[in-house]
Structure formats: structure tokens, C-alpha cells
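Novice: Here it is, the structure in full.
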Amino acid sequence: MDRQQEFVLRTLEERDIRFVRLWFTDVLGTLKSVSVAPAELESAFEEGIGIDGSAIEGFARVSESDMVAMPDPTTFQVFPFEGGASGESARMFCDILLPDGSAAWADPRHVLRRMLAKAAEKGFTFYTHPEVEFFLVQDGPLDGSVPVPVDGGGYFDHTTHSVARDFRRQAVLALERIGISVEFSHHEVAPGQQEIDLRYADALTTADNIMTFRHVVKEVALSQGVRATFMPKPYTDQPGSGMHTHLSLFEGERNAFHDGDDPLKLSKTARAFIAGLLVHAREYTAVTNQWVNSYKRLFPMQLPDRITESPAFVSWGALNRSALVRVPAFGKPNSARVEVRSLDSATNPYLAFAVMLGAGLKGIEEGYELPPGAEDDVWSMSPAERKAAGYDALPENLAEAIDVMAKSELIPEVLGEHVFDFFLRNKRQEWEQYRREVTPYERQRYLGAL
Ligand code: GLN
Ligand code: MG
Ligand code: MG
Ligand code: MG
């Protein structure tokens, strides 16, 4: 047994913790959990816990369904606030293995680990930092009716004694207590909409943190009698919930995106990485924006006092909030980074980070040239102007996103053939279900008029 494993067992004993939750994630980004008693953990560290992979979305065909969840002791965390009678509980993320001990190809953590190893071969560590947006609603109706937001606040509003402010305080405290550092939190543009930004960390830790974040935020909301939703676009006339993600590569202690001599202080590595993100953007959108509903967010919408800021075209720019990839102003060399603005809060973070890293590394490997940045507001250009500037449109709906992804050479390489095939099959089914649905919009518009 190694020192980390011993530390876990000792902590459980000292703090008299009765339940340890073992967590993993399916291909669609749903968190899965199995609880074990501390007494079982010693053998779980040696042999793992057997699970039926065929019951997990995307994991296995029935004939090869035996899998093993192997707890990763470096992710051990005590949850001081949800232990029920015994006071505390704890959790660990797992890697999923096949019975012969090799990694299960369908485990999203493994997909990301494989890309991180590829980056490491080139001397790079990949860091990410997400800005997670979500809605707080009073109720969570499941019959399709419109949920009531908890407040009528707006961007950066300071609302005294509001549910949202107390909620953010409680959520941030809870996250900090389990070792997830929060940089900022504020009210977002729409009524009930919140944003919490996590501090940057290596991409595997960040992806684990996002899974934990979603769980904690939902629990804190429930404890306050409201609900949190990461649905990308709950309201027709309000902005959706994006998960802007800042990316950087480090070589040891040095930020490989920084070059003090460049006008934008961006290195050649950073420029080639951005070029990769742009060239392959249409191919990975099905992963970063994986639901039918995701595409209701991905275009600009005029609100009374502003325009919503979700990207619809493949472009980049310094400080340009209409671009897909933005280069934020940064002070210290080690803060050099790029922000991808298409992701939404309901993506599978492991797969999303893997495809973006794959695209960026491809740009570096192939020496892609970065086209000039967009200085104009890409939204207000005419289609002809955008065509001349070379700004392709992102896929307009899930069907188009799947079609583009299906033709990609890069994405099956990054995801592995199994996840790639499963994902396409699953998403085609989702689209088919949606396609046959007659919506309230159609009845309102056509029933009387036609
Ligand atoms: N909610 C916007 C989006 O959908 C982002 C708004 C912002 O943070 N500037 O991406
Ligand atoms: Mg923000
Ligand atoms: Mg925001
Ligand atoms: Mg942002």
C-alpha cells in the first residue's frame, strides 16, 4: 500500500467516517457513485470494485461488461457537510479498468489522461480554468413549463439579502472547505443566473473539480429550498449558461504561451495552439456543446441593453467578446492564456478538455498559421463580410455538429474509436427524438394562422 492510500485509511479512522463514495463519470458526463464502507477500502485499493459496465452510458457492450472501478487516492476528499448521522463523508474519483488491469477505453478520465500524456511527451502540462454559469430557480418543473428564477437581478448586481447572494456565499465556502479554490463569483446577466470561476489547475484536477462543483452547487441549492440547473439555455429570451474555459500550456515552471517580444505577448506555441482550436472548432463542437438545447445558446441575441455574448463564428481576437477564442489581457507572464467561449456548463469536462487539447496540439505539430485576429464585432458583420474574412459558422444545431464530427480525422483519434462511435450513435438518437417533437412554438404560430 502506498503512502496516499495509507493516508486515506488513517483519515477515515481518525475522523470516524462511515461512508466513502467512489465517483466516476459516464461518456455523457453524468456523475456515478458507489458507496463503500471504510473496511472494504483496503481491498478496493488492491483489486478495485467490480461494476457492470453495460449499465453505464457508453461504457461497454453487454458481452464485455465486467469492469473495475479503481479509486485514485490522490483525489480523496472529506466532505464535512454531508455526512448524515455520522457527521462526515468522503469521496474519491476512480479510474475504470478492464478485468485484465488495462484502462477502459470508455472512461472519460482515461480519454483525458491519454491526451495529457501526449502533451507530456512534448514537455507540456495543460492547465485549465473554467467560469461556470448556471441558473438558480425556485422550482424544477419536469413537465416542460418555464421555471421561475429566484430573483430579478442582473450582471454584477449586488442584491441585499437575496437568495442568490447567500447561496453564492454558502456554495463558495463549501467548495473552499473541500479544497476547490474559487476566484470570483457574481450574479450573471439573466434573472437567477450565477457565475462561479474556479482557480486554474492541471486539466485532470479541473475536470474532477467541475464534477464536484456541480454536485456541491446542486446540494447547496437544495439545502436553501431552491434548485440549480446547468441546462445550457433554460429561457428563450435570456442568455444561456456558458462555461468559458481558459487554457494554457506550461513547460516546467514556464508558461509556454508567453513571449514578451510579441505585440500580444503570445508565443509561437500559443499562436499555433489557437490556430488548432480554430481549424478543428467545427469538429469538436458536438463535444463542447453536446445537447439539442446547447445550440439554442450558440448565437447572439439582442437584449434590451446589450447583446448576449455567445460565439457563433470561428474567429479569435484579443479582448474580443464576439470571438470563439479570446486572448484576455494579462499582467504576469505566467498568466498568458486563451479563453474558449463556446463550451456550455453541461459538457463532459474530461472529453471537452481532451478535444481542445487535441486540436491545439495538432496546431503545434503541424505548424498551423494563425490568421489575423478579428477586431470587429463578428456578429454585426454581413454574411458576405464574414465569408471574405474567413469566419466559418459554428454548427447551428446538434445534427450539423454530429455530421461535421463524423467526418473528422482528429476527433476519433482523441476520443478513441469506441467513445467516438458511441457518442455519434447516442447523439443521433437524441436528435431523432427531438426532430419528431411538435413544439408549443409551432402550435402558437401555425394552428390559428394556417
Ligand atoms: N452567458 C454568456 C454565454 O452564454 C456569457 C456571458 C459572459 O460571461 N460574458 O456564454
Ligand atoms: Mg466571467
Ligand atoms: Mg459570465
Ligand atoms: Mg469569460
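Values in this text are rule-based calculations from the coordinates and carry no lab data. Remember, it's a predicted structure, so these values are computed and weren't measured experimentally. With ideal geometry, Cβ positions are generated from the backbone for all residues, glycine too; neighbour counts draw on all protein chains shown.
Novice: Quick check: from the Cα gyration tensor, does the range 1-78 come out rounded (a/c under 1.5), prolate or oblate?
Specialist: Prolate, since a/c reaches 1.5 and a/b exceeds b/c.
Novice: Check Asp95: other-chain or 5+ apart residues with amide H under 5 Å from its amide H, H built from backbone geometry?
Specialist: The answer is Met70, Asp72.
Novice: Taking the Cβ of Thr25 as the center, what net charge do the other residues with Cβ under 12 Å away carry, scoring Lys and Arg +1 and Asp and Glu -1?
Specialist: -2
Novice: Given the convex hull over the Cα atoms of the range 234-320, what projected area results after averaging over all orientations, in nm²?
Specialist: For the range 234-320, averaging the hull's shadow over all directions gives 7.5 nm².
Novice: Over 21 Å between Cα atoms: which of Lys296/Lys407; Lys268/Lys387; Lys233/Lys387; Lys122/Lys362; Lys118/Lys265 fall into that group?
Specialist: The pairs that break the limit, which is 21 Å between Cα atoms, are Lys296/Lys407; Lys268/Lys387; Lys233/Lys387; Lys118/Lys265.
Novice: If we count trypsin sites (Lys or Arg not before Pro) as exposed when they sit in a DSSP loop and have at most 10 other beta carbons within 10 Å, what is the longest stretch of the chain that avoids them all?
Specialist: Looking at the chain, 62-406 is the longest stretch - no exposed trypsin sites (Lys or Arg not before Pro) with at most 10 other Cβ atoms within 10 Å.
Novice: While we're on this one: Only four residue types carry charge here, +1 at the Cβ of Lys and Arg and -1 at the Cβ of Asp and Glu. Report the dipole size of the range 97-215 about the Cα centre in Debye, rounded to the nearest 20.
Specialist: 460
Novice: Add +1 for every Lys or Arg and -1 for every Asp or Glu among the other residues with Cβ under 13 Å from the Cβ of Met1, and state the total.
Specialist: Once all neighbours under 13 Å are counted, the net charge is -3.
Novice: With no solvent and one point on each alpha carbon, what is the Debye value of log10 I(q)/I(0) for the range 354-426 at q = 0.20 Å⁻¹?
Specialist: -1.02
Novice: Just flag the GluC sites (Glu not before Pro) in the range 1-108 sitting in loop per DSSP whose Cβ has no more than 15 other Cβ atoms within 10 Å.
Specialist: Glu57
Novice: First select every other residue whose beta carbon is under 13 angstrom from the beta carbon of Val146; then total the charges, Lys and Arg +1, Asp and Glu -1.
Specialist: -2
Novice: In addition: Tell me the relative contact order for the chain as a rounded percent, counting alpha carbon contacts under 8 Å between residues six or more apart.
Specialist: That works out to 14 percent.
Novice: So what does the Cα-only Debye profile of the chain read at q = 0.08, 0.10, 0.12 Å⁻¹, as log10 I(q)/I(0), no solvent term?
Specialist: -0.47, -0.76, -1.11
Novice: Separate question: Scanning the chain for helices, which whole DSSP H stretches are 15 Å or more long along the axis (Cα) and average 1.0 or more by Kyte-Doolittle?
Specialist: 268-279
Novice: Continuing with the same structure: Out of the GluC sites (Glu not before Pro) in the range 302-378, which ones are loop residues according to DSSP with at most 10 other C-beta atoms within 10 Å?
Specialist: Those that pass, being in a loop and sparsely packed, are Glu369.
Novice: Starting from one equal scatterer on each C-alpha and no solvent at all, send me the Debye-based log10 I(q)/I(0) for the range 299-450 at q = 0.10, 0.12, 0.14, 0.19 Å⁻¹, two decimals.
Specialist: With no solvent term, the Cα-only Debye profile gives -0.49, -0.70, -0.92, -1.40.
Novice: Report, in debye and to the nearest 20, how large the dipole of the chain comes out about its Cα centre when Lys and Arg carry +1 and Asp and Glu carry -1 on their Cβ.
Specialist: Roughly 860 debye, rounded to the nearest 20.
Novice: Separate question: So what's the back-of-envelope 222 nm ellipticity for the chain, counting only DSSP H runs of four-plus at -39500 (n - 2.57) apiece and dividing by all residues, rounded to 500?
Specialist: Roughly -10500 deg cm²/dmol at 222 nm, from the helical runs in the chain.
Novice: While we're on this one: Send over the Kirkwood Rh of the range 384-450, from the inverse of the averaged 1/r over different Cα pairs, rounded to one decimal Å.
Specialist: 14.8
Novice: Which loop-located GluC sites (Glu not before Pro) does the range 384-435 contain, where loop means any DSSP state but H, G, I, E or B and the Cβ has at most 10 other Cβ atoms within 10 Å?
Specialist: Passing both the DSSP loop test and the Cβ count: Glu409.
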